[in-house]
Each structure stands twice: as C-alpha cells, then as structure tokens.
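Novice: Have a look at this one.
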Amino acid sequence: MKDNIPTKPLPLMVTVYRKIFPDVNKELDAWKQMAKEIPDQELRTQALASIESKTFHCEGGGIYALLANEKRPAAIQFIVAYQTISDYLDNLCDRSTSLDPQDFEWLHQSMLDALSPGEEVKNYYAYREEQNDGGYLPELVRTCQNILGKIENYNELRPYLIHLASLYRDLQVHKHVKKEERISRLTNWFDLHQDQCPDLTWYEFSACTGSTLGVFCLVSYGLSGKSSTELADIIFSGYFPYLQGLHIMLDYYIDQKEDENEGDLNFCSFYSNEQELENRFMYIFNQTGEHLHSIPNKAFHQMVQKGLVGLYLADKKVEHLKNGSRFVKNFLGVAGSKAKFFYVNTKLYHKIKPALLRR
C-alpha cells in the first residue's frame, strides 16, 4: 500500500486544515464535555483550563496522524487522549496544591499505563487531597490502551515508548517540587544520562525529555502496520534528543514572561545572555536536521522540524519578549523558506480560527 503522506508545505497545510484540525477539535470537545462533569472543583478547573489554553498542542500533535494512513482517525483519537493527559497533569503540577514528588510521580504513572494495554488503571490521585475526577483520567488512559491494543507487534514499539514516557515523568517530578530542590534534582538526574547527550547542558537535556512527539510518531507508524524494532530505533534516534529538544525549547522560549510571572522554571533563563540562547537554538535546530537523514518519509519529518519553528515563533507571546522580533528574524533566516511559510500560515490561522469555530 502506497503512503499518502504530504511532502510539501502547501498540501500538508491544506490536509491539516481540512482533515486534521476539525477531527482534533471534535475529539477535544468530547473530552471537554466529560471534564465539565468532574465532581472535584479543583480537578475540574485544571482539566478545563488545560484544554482551553493548550488546544494547539493537540492540533500540532495531530499532524502525526497522517503517518497512520487509513488508520488516521484512531491515531487522532490516541494523540488527543495522550496529549490531554499530559496537559492536564502539567496543569495539576504547575498549579498544584501539593509539592510532593510522590504525588507527581504517581499522577504521571497514568502516562506509562496509557502505553501498556491491559494494565489496570489505578487511583492516580492517591497522594493528593483532590480525589474525585468522575473517571476522567482513567477514561483517558483506557482510550489510549484500547487503540494501542490494536497494533500488531506492539511489543516491538513498547520499550521505546516506555523509555520516552519514563523520561517525561522524571522531568515532571523534578521540575515541580519545591523551588529550592528543582535545579539540584535536575542536575543530578542529568548526570545519569549525560553520556547519551554529551553536547547538551542539563537544561537542554531536560527540555528534550519534555516532548510527546516521539510517542506520537511511533504510535502513528505502528497503526499504519509498521511495527519493528529496527523502525522504532531509527525513529527514536531521529527524535531524541534533538527534535524533541527543539520542540520544547521553543515552547519555553515563548513562555518566558508567563513563567516568570508564575514563578515556574523556564530552561531559557539559564543561558548567560541572549546571544548564547540564540546560538544554542540554532545548534539544536541544525542537529535535528542531521539526525533526520535516515528516517522514513524524511521530507515529512523535515517539515515538522521547520513547522515547529514557524508555529511557535508565530505565537502572540513572542511580541512581548525582549528582542523577540530580532530572534524571530534571525531564526527564520536560518530555518529557511519552509519555516517562513509555516510562520505566515500560522499567523493567518490565528486570525481566522475564531470565524472557523463559529461555523
């Protein structure tokens, strides 16, 4: 069966607007309705806020469903459910009534269980005061499990998925504890993994672990019928650390003001000056390109690389950053014409989206 995966920006965006975003938003609407019924007020507030403020995470992740070919609806269902778990837990930890690392670790056990078909769901709120979510988080977990259970030879992919999810969980635990403990925990954690990423700092490595893109890529290929250790190894190497790092460093870049106001840890703050920040972003971008050479559907993944740059730099938050316009100009200059295309396209989408949603 021939892959029908876009290899050029314009066909990609047409497909995304017509087929991906509407399906993603339909899935999100269903989870939003369930979130509205959560009995506990704090859990309900954070569930709804995570969907409201982070819709673009699911929209961006939904692009990977194109790799699943005719299983695209199942891929979208998985991506939206898994990303919704991630965004919900991020809100619970960022705006937490708790600073207990055991609480954060147990909450994120749900993300590992979601990747383990047949695993019993647990009380993920066991170490916090708020308890009753009306079955919201367990249902998200089961939805992911049910989809993964349909992938032939899933066990070939699972070790790579669990590895990525475990790194993600560790990051969320270390960066949400008491402020005075965060850096020491993260640097000690990095010491255990530094040999895998000797060219990265502890804060860049931390960013690389905070992305869900590798998971979405592996699952979408799996749903298309491509489940092998060889493929999983190529995808893992293509996405971790650099492409995932590019993704999350851009996310932190646009959130600098917001994180400063909220007292949240932001990895961009550890660069000694703006020039160093810019140089390291360019380095990670270039390394991403180098590591995508042997991946199947290379043109698609290279568009993701350029698309991330355009998508994030087009965010309105950049307008409020010191020297933001200079950074955008320089980065787009390095990233090239495709990144500029996605930048302009995203700006336009932000303007017309409210009208599209009113239809």
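The values are calculated or read from the model by the stated rules, or taken from the named source; none is laboratory data. Source: prediction; values computed, not measured. Counting neighbours? That spans all protein chains shown, and the Cβs are built from the backbone with ideal geometry, glycine included. Calculation scope for accessible area: heavy atoms of the full protein, side chains included, ligands and nucleic acids excluded. Shrake-Rupley method; radii C 1.70, N 1.55, O 1.52, S 1.80 Å.
Novice: Any idea which of Ile183, Ile162 is hydrophobic (A, V, I, L, M, F, W, C), surrounded by fewer than 20 Cβ atoms within 10 Å (Cβ to Cβ) and under 28 Å from Glu119 (Cα atoms)? Reasoning before the result, please.
Specialist: Details: Ile183 fails: under 28 Å from Glu119 (Cα atoms).
So the residue among Ile183, Ile162 that is hydrophobic (A, V, I, L, M, F, W, C), surrounded by fewer than 20 Cβ atoms within 10 Å (Cβ to Cβ) and under 28 Å from Glu119 (Cα atoms) is Ile162.
Novice: Every residue in the stretch 38-62 that is open to solvent by less than 30 Å² (accessible area, probe 1.4 Å), among the β-branched types (Val, Ile, Thr), part of a helix (DSSP H, G or I) and at pLDDT 95 or above, please.
Specialist: The one that is open to solvent by less than 30 Å² (accessible area, probe 1.4 Å), among the β-branched types (Val, Ile, Thr), part of a helix (DSSP H, G or I) and at pLDDT 95 or above: Ile51.
Novice: Looking at the stretch 217-241, I want the residues that are on the phi > 0 side of the Ramachandran plot and have a partner that is open to solvent by 30 Å² or more (accessible area, probe 1.4 Å) with Cβ atoms under 9 Å, at least 6 apart or on another chain. Which pairs are those?
Specialist: These pairs meet every condition: Gly225/Met1; Gly225/Lys71; Gly225/Glu152.
Novice: So, restricting to helices (runs of 4 or more DSSP H) that lie completely within the stretch 253-359, which ones have at least 1 residues that are under 17 Å from Gly60 (Cβ atoms) and open to solvent by less than 40 Å² (accessible area, probe 1.4 Å)?
Specialist: Working: elements: 256-262, 274-291, 298-313, 324-335, 337-358.
By residue number, 274-291, 298-313, 324-335, 337-358.
Novice: Name the residue, out of Asp199, Asp191, Asp195, that is farther than 17 Å from Phe78 by Cα and assigned to a loop (DSSP other than H, G, I, E, B).
Specialist: On the way: Asp191 fails: assigned to a loop (DSSP other than H, G, I, E, B); Asp195 fails: assigned to a loop (DSSP other than H, G, I, E, B).
Going through Asp199, Asp191, Asp195 in turn, the sole match is Asp199.
Novice: Give me the residue from the stretch 109-146 that is among the hydrophobic types (A, V, I, L, M, F, W, C) and open to solvent by 10 Å² or more (accessible area, probe 1.4 Å) and, out of that set, nearest to the chain's Cα centre (by Cα).
Specialist: Taking the stretch 109-146 as the starting set, the residues that turn out to be among the hydrophobic types (A, V, I, L, M, F, W, C) are 111-112, 114-115, 121, 126, 137, 140-141, 144.
Within this subset, residues satisfying the condition of being open to solvent by 10 Å² or more (accessible area, probe 1.4 Å) are 112, 121, 126.
Details: Leu112: 15, Val121: 23, Ala126: 26 Å.
Among residues in the stretch 109-146 that are among the hydrophobic types (A, V, I, L, M, F, W, C) and open to solvent by 10 Å² or more (accessible area, probe 1.4 Å), the one nearest to the chain's Cα centre (by Cα) is Leu112.
Novice: What is the one condition in (1) acidic (Asp, Glu); (2) out of contact with any Phe, Trp or Tyr (no Cβ under 9 Å at 6 or more places or on another chain); (3) in contact (Cβ under 8 Å) with a residue 40 or more places away in the chain that Glu260 does not satisfy?
Specialist: With respect to (1) acidic (Asp, Glu); (2) out of contact with any Phe, Trp or Tyr (no Cβ under 9 Å at 6 or more places or on another chain); (3) in contact (Cβ under 8 Å) with a residue 40 or more places away in the chain, Glu260 is out only on (3).
Novice: Could I ask something else about it? Within the set of pairs 6+ apart or on separate chains, which have a first residue in the stretch 3-22 that is more than 13 Å from Ala299 (Cβ to Cβ), a second that is part of a loop (DSSP other than H, G, I, E, B), and C-beta atoms under 6 Å apart?
Specialist: Thr15/Pro6
Novice: Please verify whether Tyr312 is without any contact (Cβ under 8 Å) to a residue 40 or more places away in the chain, in contact with a helix residue (DSSP H, G or I) (Cβ under 6 Å, 6 or more places away or on another chain) and aromatic (Phe, Trp, Tyr), treating the condition exactly as stated. Even if it seems obvious, please write down each step before you answer.
Specialist: Working: without any contact (Cβ under 8 Å) to a residue 40 or more places away in the chain: no; in contact with a helix residue (DSSP H, G or I) (Cβ under 6 Å, 6 or more places away or on another chain): yes; aromatic (Phe, Trp, Tyr): yes.
When the stated conditions are applied, Tyr312 does not pass them.
Novice: Determine which single condition Ile234 fails, assuming it passes every other condition in (1) over 15 Å from the mean Cα position of the chain (by Cα); (2) under 22 Å from Lys178 (Cα atoms).
Specialist: Condition (2) is where Ile234 drops out.
Novice: If you check Arg185 against the conditions, is it within 21 Å of Asp94 (Cα to Cα), assigned to a helix (DSSP H, G or I) and not polar (S, T, N, Q)? First the steps, then the outcome.
Specialist: Details: within 21 Å of Asp94 (Cα to Cα): yes; assigned to a helix (DSSP H, G or I): yes; not polar (S, T, N, Q): yes.
Yes, satisfied.
Novice: Is it the case that the stretch 78-99 has a residue that's free of Cβ contacts under 8 Å to residues at least 24 places away in the same chain, charged (D, E, K, R) and open to solvent by 10 Å² or more (accessible area, probe 1.4 Å)?
Specialist: No: zero hits.
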